[in-house]
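Working notes for the structure below.
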Amino acid sequence: MILYFAHPLAVIDENCEIGEGTKIWHFSHIMSGSKIGKRCNIGQNVVISPKVVLGDNVKVQNNVSIYTGVICEDDVFLGPSMVFTNVINPRSAIIRKDEYRSTIVRKGASIGANATVICGNEIGRYAMIGAGAVITKEVPPYGLLYGNPARQMGWVSEYGHKLDFNAEKIAFCPESGEKYILSIEGVKKLE
């Protein structure tokens, strides 16, 4: 019994794991050995390569290719036409399949439209990557980065709002009221 939806024009290879409630739209290709969690939404014209892992509730917008070596934890958002790489120095005539570098996108992170993530980096929990950004280094949890190359321009809440820290280095999310503290280690949500 299939517990997910796949558009008739989607291609799903054998030996994929696809969680309950996931939707896969037309012209997308889910390759053998990939693992997709529950309640994910895979937009049109998406490629998910072998050994890719997507957690639960991951949203992949149209025209995204997720290459071997990429792991996305729960609640990740991948904007339209954003790009992952998996080899640091690709050449057409040289096979480098044994040199794939891992990229991890932690829980709740969002990557904007047309952004590029260079392989071998980690995107921290609830980080926000602006549209068109080029990520060339690690991104801290709750970090707000944009530009080319991307630079950190502040911090965001779990609801995606820019945080404005007071003199005591405390900020509140304007939507949820959640409290955050800024220290030398970065930002942490206070319970």
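The values are calculated or read from the model by the stated rules, or taken from the named source; none is laboratory data. Every value quoted in this text rests on a predicted model; they were computed, and no experiment measured them. Cβ: placed from backbone, ideal geometry, glycine included. Neighbour counts: every protein chain shown.
So the values come out like this:
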quantity: The stretch 8-65, residues that are more than 14 Å from the chain's Cα centre (by Cα) and among the charged types (D, E, K, R); calculated: ASP13, GLU14, GLU17, GLU20, LYS23, LYS35, LYS38, ARG39, LYS51
quantity: PRO90 being without any contact (Cβ under 8 Å) to a residue 24 or more places away in the chain and in contact with a Ser or Thr (Cβ under 9 Å, 6 or more places away or on another chain); calculated: no
quantity: Subset tally (residues that are part of a loop (DSSP other than H, G, I, E, B) and either within 15 Å of LYS107 (Cα to Cα) or modelled with pLDDT under 95 (or both)) for the stretch 139-170; calculated: 7
quantity: Restricting the stretch 171-187 to residues that are in a strand (DSSP E or B) and touching a residue at least 12 places away in the same chain (Cβ under 8 Å), the residue that is surrounded by the most Cβ atoms within 10 Å (Cβ to Cβ); calculated: VAL187
quantity: Test: residue in the stretch 73-92 that is under 17 Å from LEU54 (Cβ atoms), in contact with a Pro (Cβ under 8 Å, 6 or more places away or on another chain), modelled with pLDDT of 95 or more and not in a strand (DSSP E or B); calculated: no
quantity: Positions within the stretch 89-115 being surrounded by fewer than 20 Cβ atoms within 10 Å (Cβ to Cβ), among the aliphatic types (A, V, I, L, M) and within 17 Å of the chain's Cα centre (by Cα), in sequence order; calculated: ILE104, ALA113
quantity: Residue, surrounded by the most Cβ atoms within 10 Å (Cβ to Cβ), within the stretch 116-139, restricted to residues that are polar (S, T, N, Q) and out of contact with any Phe, Trp or Tyr (no Cβ under 9 Å at 6 or more places or on another chain); calculated: ASN121
quantity: Selection count where residues are among the small types (Gly, Ala, Ser), within 17 Å of the chain's Cα centre (by Cα) and farther than 19 Å from MET82 by Cβ, scope the stretch 139-191; calculated: 1
quantity: Selection count, the stretch 7-23, where residues are in a loop (DSSP other than H, G, I, E, B) and either more than 20 Å from ASP75 (Cα to Cα) or touching a strand residue (DSSP E or B) at 6+ places or on another chain (Cβ under 9 Å) (or both); calculated: 11
quantity: Near pairs, Cβ below 8 angstrom, 6+ apart or cross-chain, from the stretch 152-168 (closer than 16 Å to ALA133 by Cβ) to any residue that is part of a loop (DSSP other than H, G, I, E, B) and among the aliphatic types (A, V, I, L, M); calculated: GLY154/LEU163; TRP155/LEU163; VAL156/ALA127; VAL156/LEU163
quantity: Set GLY43, GLY69, GLY55: member being at pLDDT 95 or above, surrounded by 17 or more Cβ atoms within 10 Å (Cβ to Cβ) and touching an Asp or Glu at 6+ places or on another chain (Cβ under 8 Å); calculated: GLY55
